[in-house]
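J.: Attaching a single structure in structure tokens format; questions to follow.
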Amino acid sequence: MKILVCISCVPETTSKINFVENDTQFDKNGIKFIINPNDEFGLTRAMWIKEKDNSSIDVINVGLEDSDPILRKTLAIGADKAIRINSNPRDSFQVAKLIADHISKNNYDLIIAGRESIDFNGNMVPGIISELIGINFVTNCVGLEIDGKKIKAKREIEGGTETLSCNLPVIIGGQKGLVEESDLKIPNMRGIMQARQKPLEVIEVDENNLKTETVKFYKPQEKGEIKMISSENLDELINLLHKEAKVI
Amino acid sequence: MSVLVYIESKNSKPKKNSAEIISYGRGLADMLSSELIILSFNIENTDDLSNYGPDKILNIQNDELIRFNVKKYVDVITQVCSSLSVNHIVVGGSADSKYLAPPLSVKTDSSYISNVVGLPTTLDPFKLKRSTYSNKAFSDVIINNSKKIIGIYNNSFGTVEKKSNPELISFDVKVPDSLLNTDSVEYGSGNISIADADIVVSAGRGLKGPENWNIIEDLAKTLGAATACSKPVSDMGWRPHGEHVGQTGKPVATKLYIAIGISGAIQHLAGVSSSKVKVVINSDPEAPFFKAADYGIVGDAFDIIPRLNEKLKAFKASSN
Ligand SMILES: Cc1cc2nc3c(=O)[nH]c(=O)nc-3n(C[C@H](O)[C@H](O)[C@H](O)COP(=O)(O)OP(=O)(O)OC[C@H]3O[C@@H](n4cnc5c(N)ncnc54)[C@H](O)[C@@H]3O)c2cc1C
Ligand SMILES: Nc1ncnc2c1ncn2[C@@H]1O[C@H](COP(=O)(O)O)[C@@H](O)[C@H]1O
């Protein structure tokens, strides 16, 4: 099988978020970048398929040079080839269109993206790709079984899960559950050595017109003072929640 | 040109977040001086929907649309939008709406922005504020497309009552076949889902083990709340995955969030910071969560929670 895993390169989860240039740009200074957590689950799931049937795994990222260390890491984990579309990701449609164009030229059976990136939080890229290339799409995916040309996917819904089935090709929006946290593959020495020999292809594209444009960032307002209540005076908490906060 | 709000139903009734979505749609339609159309599927009684100011209601009754299917829903909504010349679609932040909005944007040639927290701040350019960086920041985004889909962040706008006398319209849809089949659906034991809840009672590793969750469930039951947990708790299998909240789990944007035995790691806080009021109960006065909370109690959960539950039961009984 031919698998493509979409990799978004995001600030490490504990990062303090700051902005520069009049609050128009994210401040990359001192930020460590990681594989988007939802994509990391997807990559490990793809590795399981590869271990079983010798599938090939390509990973793709739309980004600038600073994504390369992350792509090298995916190669060290076990992907066969990395593709970076050299464009600053500024809009979900732009990213999805560039990935969709690559998919159209390369006939993948299975495409795994994440449900959501933890920086843009769009929940958008895989769904847009699915409609651009006209293939089935399952997001919030917490389980994936493949049987020949058919898949069964579990999707988290409000209050439960739903099991869906369809034929390949399909695009998945993955999340925790696709594999467990403890299953996540980490690069070993051999993988890191091998990764140096593996291809990291950079594709140049023309800057396209963006339909949406982020023009300014804000940080949330600082929290007001906390009110501490004695554990011996729980009535006061109830009273405050009822009369002051009006939430019960 | 019209504004269309798509609202979801559950057991033939509008879902709770419908009121907020329609209110937002009304606000937007007023700004644009356009009419507001509500689109829903298979709702038994649409009377309550007129409390938030729609001009028209299109409630499609069709057996093929009872269960959510992304392909069928996207196709049908597209048919409606092109025949009613809709150029602004408003959807909520539920899992199903977030699932259908991206393909819908391609099919209708619209640009979609998710996690929107308010009405446009300017119309020309069309500028919206959205939550980003896992609730650690907001951004202003401009849409340069006459057709737009706005996905609103749950509980960020609120509801505005405005009684109207909507015209009930009808429309013949052709539901396409879908090659994506739903084989089965299982609902968990939790009575209220986090997305539907006004109050969430959440607990962390401080609870020591899954056998102690009865005190959390009892408290949630008294408050009519959903239960949630921190990531390690679901990683260890003490609680189901669906309860994990935070940056890498579900976001929580409720009126009241009660965190019990949760330290308040930055990844946890990111996912719950848009809840209006936060109460923290923790035995460690230095727990970082206290810095992000509105009300705090230092103490042992095993002592406090059962007592709090009894007092809340009495409070509920007396206020009814
Ligand atoms: C990539 C990544 C992503 C992550 N994403 C998330 C996420 O989305 N959501 C998330 O929650 N975490 C996330 N985490 C984990 C996060 O960093 C913390 O480890 C986690 O939130 C801690 O969970 P906790 O507060 O339950 O446990 P702990 O940090 O162990 O805290 C337990 C708390 O309970 C208190 N306590 C102990 N006994 C009692 C008692 N008897 N009564 C009252 N209080 C008591 C303690 O004082 C302590 O504050 C992520 C981590 C990583 C690396
Ligand atoms: N710049 C990017 N390059 C490659 N994949 C991406 C990029 N941005 C987003 N994705 C994929 O799309 C998923 C959802 O991202 P988003 O729509 O931003 O929430 C991510 O988990 C990735 O799998």
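The values are calculated or read from the model by the stated rules, or taken from the named source; none is laboratory data. All values derive from a computational prediction rather than experimental measurement. For neighbour counting, all protein chains shown are included, and Cβ atoms are generated from backbone atoms with ideal geometry for every residue, glycine included. The area values use the complete protein model at the heavy-atom level, side chains included, leaving out ligands, DNA and RNA. Shrake-Rupley method; radii C 1.70, N 1.55, O 1.52, S 1.80 Å.
J.: Looking at the stretch B:105-113, is at least one residue over 23 Å from A:ARG155 (Cβ atoms), in a strand (DSSP E or B) and of a type in the set (Ser, Thr, Tyr)?
T.: yes
J.: Looking at A:LEU98, A:LEU43, A:LEU75, A:LEU71, can you tell me which residue is under 22 Å from B:GLN267 (Cα atoms), more than 14 Å from chain B (Cβ to nearest Cβ) and either touching a strand residue (DSSP E or B) at 6+ places or on another chain (Cβ under 9 Å) or not basic (Lys, Arg) (or both)?
T.: Values: A:LEU98 fails: under 22 Å from B:GLN267 (Cα atoms); A:LEU75 fails: under 22 Å from B:GLN267 (Cα atoms); A:LEU71 fails: under 22 Å from B:GLN267 (Cα atoms).
Unique residue meeting the criteria: A:LEU43.
J.: Exactly one condition in (1) assigned to a strand (DSSP E or B); (2) open to solvent by 10 Å² or more (accessible area, probe 1.4 Å) is not met by A:PRO69; state its number.
T.: (1) is the only condition that A:PRO69 fails.
J.: Next question. Taking the stretch A:107-165, which residues are among the aromatic types (Phe, Trp, Tyr) and open to solvent by less than 20 Å² (accessible area, probe 1.4 Å)?
T.: Scanning the stretch A:107-165 gives A:TYR108, A:PHE137.
J.: Please go through (1) β-branched (Val, Ile, Thr); (2) touching a residue at least 12 places away in the same chain (Cβ under 8 Å); (3) out of contact with any Gly (no Cβ under 7 Å at 6 or more places or on another chain) for A:VAL20 and return the number of the only condition it doesn't satisfy.
T.: Single failed check for A:VAL20: (2).
Residues are listed down the side, and each one gets a yes or a no for (1) crowded, with 21+ Cβ neighbours inside 10 Å; (2) modelled with pLDDT under 95:
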| residue | (1), (2) |
| --- | --- |
| A:LYS16 | no, yes |
| A:GLU21 | no, no |
| A:THR24 | no, no |
| A:ILE35 | yes, no |
| A:PHE41 | yes, no |
| A:ILE60 | yes, no |
| A:LEU64 | no, no |
| A:THR74 | yes, no |
| A:ARG90 | no, yes |
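J.: Suppose we filter B:GLU310, B:GLU217 for residues that are among the acidic types (Asp, Glu), surrounded by fewer than 22 Cβ atoms within 10 Å (Cβ to Cβ), more than 8 Å from ligand 1 (Cβ to nearest atom) and away from chain A (no Cβ under 12 Å); which single one remains?
T.: Being among the acidic types (Asp, Glu), surrounded by fewer than 22 Cβ atoms within 10 Å (Cβ to Cβ), more than 8 Å from ligand 1 (Cβ to nearest atom) and away from chain A (no Cβ under 12 Å) holds for just one of B:GLU310, B:GLU217, which is B:GLU217.
J.: Might you check whether a residue that is touching a Cys at 6+ places or on another chain (Cβ under 7 Å) and under 26 Å from B:PRO103 (Cβ atoms) occurs anywhere in the stretch A:68-86?
T.: No - not one qualifying residue is present in the stretch A:68-86.
The rows are residues; the columns are (1) within 16 Å of ligand 1 (Cβ to nearest atom); (2) in a loop (DSSP other than H, G, I, E, B); (3) over 14 Å from the mean Cα position of the chain (by Cα); (4) not hydroxyl-bearing (Ser, Thr, Tyr).
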{"residue": "A:THR13", "(1), (2), (3), (4)": "yes, yes, no, no"}
{"residue": "A:GLY30", "(1), (2), (3), (4)": "no, yes, yes, yes"}
{"residue": "A:PHE41", "(1), (2), (3), (4)": "yes, no, no, yes"}
{"residue": "A:ARG45", "(1), (2), (3), (4)": "no, no, no, yes"}
{"residue": "A:LYS50", "(1), (2), (3), (4)": "no, no, yes, yes"}
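J.: Any chance you could count how many residues in the stretch A:195-208 are open to solvent by less than 80 Å² (accessible area, probe 1.4 Å) and either more than 21 Å from the chain's Cα centre (by Cα) or free of Cβ contacts under 8 Å to residues at least 12 places away in the same chain (or both)?
T.: Result for the stretch A:195-208: 5.
J.: Could you say which residue among B:ALA197, B:ALA225 is more than 9 Å from ligand 1 (Cβ to nearest atom), more than 9 Å from chain A (Cβ to nearest Cβ) and closer than 28 Å to A:ALA153 by Cα?
T.: B:ALA197
J.: Considering only residues that are among the acidic types (Asp, Glu) and farther than 25 Å from A:PHE93 by Cβ, which ones fall in the stretch A:117-155?
T.: Of everything in the stretch A:117-155, those that are among the acidic types (Asp, Glu) and farther than 25 Å from A:PHE93 by Cβ turn out to be A:GLU145, A:ASP147.
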